[in-house]
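Each reported figure results from applying straightforward, stated rules to the coordinates on display, with no laboratory input. Keep in mind it's a predicted model, so treat the numbers as computed, not measured. Heads up, the Cβs are rebuilt from the backbone with ideal geometry, glycines too, and the neighbour counts pull from every protein chain shown.
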């Protein structure tokens, strides 16, 4: 099952740690001294990466681009290199190898946008950044002049690098990893704070706490009671591996780079709450990107020990059926539609065709997550809203809990 709704900094918070979405940036792209123009401006992603229109940048580098609508996959070919990127996925295939991406390919203004550095370097180009003029400089001629080899010197004995990655284990059962050369740990009565201390004009902090006896939505409602409802953004998805969670963030001014949000996941009768707060400077530079990566790595490393099955949706999984008559060729034919909601949040809708998807607390996503149907479950009845009609399905009695 595809897990596109990740509640951390990978896909996903849902995707973002440092901003709610990609935003347009006043960035120029120069290839071999010539500025590249496009009808869609370069964007800065939530992870602080520059993404650009794929077709424009690839064709400027002399590559051929193909698009597969069914799989939403882009293929880019140049000489002996073949790159494949799928919308929403943070993995790029380079011939037989897989390359992890900091930011996934995505659609902006009907244009496929891809991480600039990953594409360029895969084609053997050099990529530099001029922070003063906000210009990405790409050089396709990477040949360097032959220099005389210096006299061989005996290398100095190197000391082993100090391990800076530390593991924090909470008494409440959760753990995470952090870089103590860039992050300061502060333990409080109610939460543990991980504060970014690296070089940056901005600031960022991750706070983690455990609330016993309360479910995620209860906790989120308390923590965000004073938020402006019109600026509150909710999403759901997997967190800490296979744990379902809720993400709630406060929409910030577009382009600010600031973020204020929570991830809440049920854990052994309570809730692990992750709070993320960042305040970015007006100009985004490589230091802010390093900060974003550091914070994202902390969130992505969270693990739960001895986790029991989550109970908040225990009444939902099952197979639900609906039997009805339909007139075909003047004769009434009995038909059965089926909705299957699995424990791992995968879903299958078996009507005329079988469609796979994912179910959340109030809707079912299908057709590669482009179509959503609202639903409710009461006792053994699933009510599914399709267009303006509400259809009722009955749980198969053999699956009644």
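Once the chain from residue 334 to residue 315 is taken as fully extended at 0.36 nm per residue, the excess over their C-alpha distance is 4.0 nm. Scaled against 2.2 N^0.38 Å for its residue count N, the alpha carbon radius of gyration of the range 318-399 is 1.12.
Extension gain, residue 370 to residue 242, is 43.8 nm, computed as 0.36 nm per intervening residue step minus the present C-alpha separation. So what is log10(I(q)/I(0)) for the range 165-304 at q = 0.18 1/Å, when the Debye sum runs over its Cα atoms only? Computed log10 I(q)/I(0) values: -1.08.
Neighbour counts of C-beta atoms inside 10 Å place 187, 70 in the sequence 70, 187, starting with the fewest.
If you wrap a convex hull around the Cα atoms of the range 253-396, how much volume per residue is inside, in Å³?
Details: hull volume 24.7 nm³, N = 144.
That works out to 171 Å³ per residue.
Across the range 60-138, the volume of the C-alpha convex hull divided among the residues equals 108 Å³ per residue.
In this simple spin-label model, placing a label point 7 Å from the Cα along the Cα-to-Cβ direction at both residue 234 and residue 388 gives a separation of 2.6 nm. Inter-label distance, residue 75 to residue 379: 5.4 nm, where each label sits 7 Å from its Cα along the C-beta direction.
The distance between label points at residue 217 and residue 190 comes to 2.3 nm (points 7 Å beyond Cα on the Cα→Cβ vector).
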